[in-house]
Structure formats: structure tokens, C-alpha cells
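The values are calculated or read from the model by the stated rules, or taken from the named source; none is laboratory data. Worth saying up front: this structure is predicted, and the values here are computed from it rather than measured. Cβ placement follows ideal geometry from the backbone for every residue including glycine, while neighbour counts extend to all protein chains displayed. Protein only, heavy atoms only, side chains kept; ligands, DNA and RNA dropped before computing areas. Shrake-Rupley method; radii C 1.70, N 1.55, O 1.52, S 1.80 Å.
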Amino acid sequence: MSELENPDDPQDGAKLKAILLTCAALAFAAAPLMTEPFIGFDPEQFPNPTPPLALQPAGYAFSIWGVIYAWLIVSAFYGLIKRDTDPGWDRTRWPLFLSLAVGSAWIGVALLNPLIATVLIFVMMGGAVLAMARAPMADMWLCAAPIGLYAGWLTAASFVAGATTLTGWTGLGPDAASWIGLIGVGALGLAILRLRPPVTYAVALDWALVGVAVSVFTSQPLNLPFAVGVILAFLAIALGFARGLRRG
């Protein structure tokens with residue numbers, strides 16, 4: 001008889017979700033190997049071609065994906081083997097599965113249609129944040145922490161994609177779009193910090209903002225007002241997390 005003979009049984013249902021999440025994590029990590037390299041939206045895909053925005057992080061910042069992929073896989077396998085029927089872990093699985101399943105197809109979609117890809121990355125971010133909000137703290141470094149790192153990076157990446165698409169489809173100037181994206185990152189990031197997420201959420205978000213700062217300071221001419229804005233956003237996220245710790 002199959003171990004998952006009755007999917008209506010809560011424990012069997014939890015085991016099935018753990019298996020599906022592990023498969024999704026593996027597919028998500030394998031996706032970049034199955035497509036052409038993604039280095040950002042192609043300006044020619046938009047009605048109004050535009051140069052890269054000031055909000056775009058420097059290339060080195062994307063190395064965080066290696067940590068995210070590996071940590072999510074470790075978390076999924078640990079959850080499958082050791083926490084398959086744990087109610088706390090189980091609450092994270094459907095939203096995280098949705099995010100990773102969409103993410104598995106995201107690069108392929110982004111290479112074809114930036115507008116749809118922008119909608120999808122916000123869906124990914126929403127699923128990741130919901131999973132993070134539900135994650136138990138008992139196994140923080142194996143559950144909440146990897147989801148937090150993923151959610152933090154997606155918070156920044158969603159607004160980078162949104163600002164780029166806004167410029168490409170409306171003709172809005174890249175500076176104005178970058179400011180809109182930066183304000184969105186800061187406002188949503190601070191709102192999510194009120195949920196008292198794991199430290200990895202703030203780390204990933206500030207890692208992205210440092211990448212943006214490096215990009216701005218190494219560009220010529222220097223966009224000083226935007227550079228100051230990025231620094232202020234970085235400090236706001238760091239202080240917002242610190243205030244959450246004090247309240248806890």
C-alpha cells in the first residue's frame with residue numbers, strides 16, 4: 001500500500017505537499033540551466049526602448065541567487081525528511097510552492113514577454129512573503145531564514161522589473177521610473193518588516209540596495225540625488241529591522 005494512499009488525510013496531504021515543494025525547489029534551481037542566460041529585459045522588447053535604469057543593481061549582486069537556490073533546496077529536503085507532517089512547516093508550503101512553480105518558468109517568460117514576466121514576479125514575491133509570514137521560528141535557519149532571503153530579494157527585484165516595464169510601456173523617463181521603484185521597495189519593505197520577518201529578509205533587501213548604490217556610484221555622470229535616495233532606503237530598512245527587534 002502506498003504511503004500516500006489517502007490524500008484527504010491531513011498527514012498524507014502534508015507529505016504530498018512536502019514532495020511537491022521539493023520538486024518545485026529543484027525545478028526552480030534548474031531553470032537557469034534550461035534557458036538562455038537572462039541579463040535583464042531586452043530594451044527592444046518594449047514599445048519605448050530604454051537604457052538600463054539607475055535602480056538596476058550591479059551584476060555581482062545577482063550572485064545571491066546561488067545562496068537562495070541552495071538554501072531553498074536544503075530547506076525543502078529537510079522539511080520532506082524531518083518535518084513532513086509538521087503543521088508549522090505545512091502552512092508555508094502552498095504559497096512557497098506557487099512562488100517556486102511560477103519562478104521555474106519565469107526566465108523563459110522574461111525572454112519572451114517582459115510585461116507578463118513583471119506580473120509573474122510580483123506573484124512570486126507575494127507567495128514568498130506569505131510563506132515567510134507563516135514560517136515557524138522553531139527551525140528558523142532551515143525554514144524561515146531561506147524563505148526570508150528569497151522574499152527579500154524578490155521584493156527588490158519585483159520593483160526593478162516593474163520600473164523597467166513602466167518605462168518601456170509608457171515612455172516615462174528612466175529617472176522617474178527609478179524613483180517610483182525605489183520608493184516602492186522602501187515602502188513595501190518597511191511594511192513587511194512590521195511582520196518581524198527573519199533577519200535574512202532585511203539582509204537580502206539591503207544587499208540589493210547596496211548593489212544599486214554600487215551601480216549608481218560607478219556610473220557617469222553620477223546621479224547624486226538618486227544615490228542619496230538609495231542610501232536613505234538602505235538605512236530605513238536597517239533601522240526598521242532594528243526597531244522590530246527592540247519591539248520583540
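Let's see how each residue does on (1) under 26 Å from T170 (Cβ atoms); (2) at pLDDT 95 or above:
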residue	(1), (2)
A110	yes, no
T118	yes, yes
I121	yes, yes
M124	yes, yes
A133	no, yes
P136	no, no
D139	no, no
L142	no, yes
Y150	no, yes
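Exactly one residue among V123, V119 is part of a helix (DSSP H, G or I), surrounded by fewer than 22 Cβ atoms within 10 Å (Cβ to Cβ) and over 12 Å from the mean Cα position of the chain (by Cα), and that residue is V119.
Among the residues of segment 57-97, which ones are open to solvent by 50 Å² or more (accessible area, probe 1.4 Å), in a helix (DSSP H, G or I) and among the basic types (K, R)? Residues satisfying the conditions are K82, R91.
For segment 217-225, the count of residues that are under 19 Å from the mean Cα position of the chain (by Cα) and in contact (Cβ under 8 Å) with a residue 40 or more places away in the chain is zero.
When the residues of segment 138-156 are filtered to those that are open to solvent by 20 Å² or more (accessible area, probe 1.4 Å) and touching a residue at least 12 places away in the same chain (Cβ under 8 Å), the one that is nearest to V74 (Cα to Cα) is L142. Restricting to segment 174-219, give me the number of residues that are open to solvent by less than 50 Å² (accessible area, probe 1.4 Å), closer than 18 Å to A54 by Cα and not polar (S, T, N, Q). The number of residues fulfilling the criteria is 16. Every listed requirement among (1) in contact with a helix residue (DSSP H, G or I) (Cβ under 9 Å, 6 or more places away or on another chain); (2) at pLDDT 95 or above is met by P32 save one, (2).
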